[in-house]
Amino acid sequence: MIAFLIKRLFHALLVMFVISVIAFAIQDNLGDPIQQMVGQSVPESEREALREELGLNDPFLVQYLRFAVNAAHFDFGYSYVFNQPTTEVVLRHLPATLELVAASTFLIIALSVPIGVYSAIKPRAWLSRFFMGVSIVGISIPVFLTAIVLIQLFAIGVSWSPFPSDTGWGAWLNDLVSTEGGMPAYGRGDPVPVFGTWETNFASLKGLTYLVLPAVSLASIMLPLFIRLIRAEMLEVLQSDYVKFARAKGISPRRIYFLHALKNTMLPVITVGGVQIGTLVAYTILTETVFQWPGMGLMFLDAIERSDIPLIVTYLMIVGLIFVITNTLVDLIYGLINPTVKLTGKPA
């Protein structure tokens with residue numbers, strides 16, 4: 001275990017180094033931060049003095065080494081726009097993103113496991129075919145389009161009257177295919193303070209209503225993938241010899257499905273799914289933009305528009321760290337579920 005954690009720590013440092021180098025390498029293509037800071041009316045002499053003060057005229061290697069030394073002390077510099085330490089800016093937006101990812105992850109797990117298992121147990125049922133068809137459509141639709149459709153349906157509302165309104169059945173069907181809207185689809189509302197800069201939408205019913213549409217939109221990215229993955233793995237497990245032997249012994253189908261088969265189905269799902277859940281942090285950029293959710297994704301786009309290089313680098317490094325932590329936790333959970341797997345890579 002200690003050897004595994006040391007290896008993961010080395011990988012984390014390597015990932016942080018590569019991300020920081022890439023971010024610094026592309027900074028010249030992101031625009032001039034001085035122009036965003038002072039505007040057009042400031043003379044060129046003052047701009048040059050500010051550029052010299054910030055060290056932007058130094059060679060690339062000098063700038064990067066200065067950043068690396070400060071980063072070793074957990075100092076990633078000051079944001080040009082907010083005039084605050086970048087870590088404070090990121091940590092102020094981090095809770096909103098983590099809450100959005102947590103809500104989406106809950107929806108993905110709560111829906112994909114029962115739907116995937118049902119589709120594997122009864123692959124020829126019409127409901128299973130329906131789920132598979134919808135999952136194909138879900139994989140094909142980009143997240144921003146899903147978000148726009150959800151806003152139109154449940155926030156703005158749709159009034160559609162394809163049936164004759166002067167009849168009782170027609171009016172009922174028109175009401176059925178129409179939506180009133182009214183759900184919140186902008187920002188977080190008034191989240192409840194927890195401690196420091198951490199605020200949560202989970203602590204109030206009104207806060208949860210603000211979370212519904214963004215969470216469903218973000219979950220739509222991975223939900224079809226998880227459904228199809230669980231179904232495929234479950235079908236393979238149900239064809240294995242030990243399941244056939246359990247059936248021959250007269251064990252109840254429910255015990256076979258949910259005790260023996262499901263446990264082995266979840267092993268590869270945890271491996272692939274854990275990594276995919278980590279990518280939700282990256283996908284929040286589009287979701288937060290559409291819903292104006294004040295998380296790290298919206299902050300990152302704002303930093304790019306304003307050429308806030310320190311904030312961009314800090315965001316990329318924190319997202320990379322989240323990926324490393326996620327992968328490490330997945331490996332640890334996999335080792336606990338399947339004791340035959342050794343974390344050090346040696347055979348059990």
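The values are calculated or read from the model by the stated rules, or taken from the named source; none is laboratory data. In this text the structure is predicted, and so the values were computed from the model without any measurement. Cβ sites come from the backbone with ideal geometry, for glycine too, and all protein chains shown count toward neighbours. Just the protein is used for accessible areas: all its heavy atoms, side chains included, with ligands, DNA and RNA removed. Shrake-Rupley method; radii C 1.70, N 1.55, O 1.52, S 1.80 Å.
Could you list all residues from the stretch 170-194 that are touching a helix residue (DSSP H, G or I) at 6+ places or on another chain (Cβ under 8 Å), crowded, with 16+ Cβ neighbours inside 10 Å and more than 28 Å from Gly278 (Cβ to Cβ)?
Hits for the stretch 170-194 are Thr179, Met183.
Kindly indicate which of Thr197, Thr167 is open to solvent by 80 Å² or more (accessible area, probe 1.4 Å) and either under 20 Å from the mean Cα position of the chain (by Cα) or not charged (D, E, K, R) (or both).
Only one candidate qualifies: Thr197.
Just the residues that are of a type in the set (S, T, N, Q), under 23 Å from Asp302 (Cβ atoms) and exposed (fewer than 14 other Cβ atoms within 10 Å of the Cβ), please, taken from the stretch 33-61.
Across the stretch 33-61, the qualifying residues are Gln35, Gln40, Ser41.
For the structure I just gave you, tell me whether Ala203 is of a type in the set (Gly, Ala, Ser) and within 23 Å of Leu100 (Cα to Cα).
In short, yes.
Return the residues of the stretch 34-74 that are assigned to a helix (DSSP H, G or I) and acidic (Asp, Glu); say none if nothing qualifies.
Glu44, Glu46, Glu48, Glu52, Glu53
Inside the stretch 120-158, can you point out the residues that are of a type in the set (Gly, Ala, Ser) and surrounded by 11 or more Cβ atoms within 10 Å (Cβ to Cβ)?
If the condition is that a residue be of a type in the set (Gly, Ala, Ser) and surrounded by 11 or more Cβ atoms within 10 Å (Cβ to Cβ), then Ala120, Ala125, Ser128, Ser135, Gly138, Ala147, Ala155, Gly157 are the ones that fit.
Kindly establish whether Tyr64 is open to solvent by less than 60 Å² (accessible area, probe 1.4 Å) and either of a type in the set (Asp, Glu) or at pLDDT 80 or above (or both).
Here the answer is yes, as Tyr64 does meet what is asked.
Listed here are the residues, each with its yes/no results for (1) at pLDDT 85 or above; (2) charged (D, E, K, R).
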{"position": "Glu236", "(1), (2)": "yes, yes"}
{"position": "Gln239", "(1), (2)": "yes, no"}
{"position": "Lys244", "(1), (2)": "yes, yes"}
{"position": "Ala248", "(1), (2)": "yes, no"}
{"position": "Arg255", "(1), (2)": "yes, yes"}
{"position": "Phe258", "(1), (2)": "no, no"}
{"position": "Asn264", "(1), (2)": "no, no"}
{"position": "Leu267", "(1), (2)": "no, no"}
{"position": "Thr271", "(1), (2)": "no, no"}
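Give just the number: which of (1) closer than 30 Å to Ser135 by Cα; (2) at pLDDT below 85 does Ile108 not satisfy?
(2)
Look through the stretch 87-110, keep the residues that are open to solvent by less than 10 Å² (accessible area, probe 1.4 Å) and either small (Gly, Ala, Ser) or touching a His at 6+ places or on another chain (Cβ under 6 Å) (or both), and return whichever of them is farthest from Ala219 (Cα to Cα).
The extreme case among them is Ala96.
Please enumerate the residues belonging to the stretch 285-306 that are open to solvent by less than 10 Å² (accessible area, probe 1.4 Å), more than 25 Å from Gln35 (Cα to Cα) and part of a helix (DSSP H, G or I).
Thr287, Glu288, Phe291
Pick from Leu213, Leu208, Leu235: which is open to solvent by 40 Å² or more (accessible area, probe 1.4 Å) and under 18 Å from Glu288 (Cα atoms)?
Criteria check complete, one pass: Leu208.
Say whether the condition of being in contact with a strand residue (DSSP E or B) (Cβ under 8 Å, 6 or more places away or on another chain) and in contact (Cβ under 8 Å) with a residue 24 or more places away in the chain is met by at least one residue in the stretch 154-162.
Scanning the stretch 154-162, I find at least one residue that is in contact with a strand residue (DSSP E or B) (Cβ under 8 Å, 6 or more places away or on another chain) and in contact (Cβ under 8 Å) with a residue 24 or more places away in the chain, so the answer is yes.
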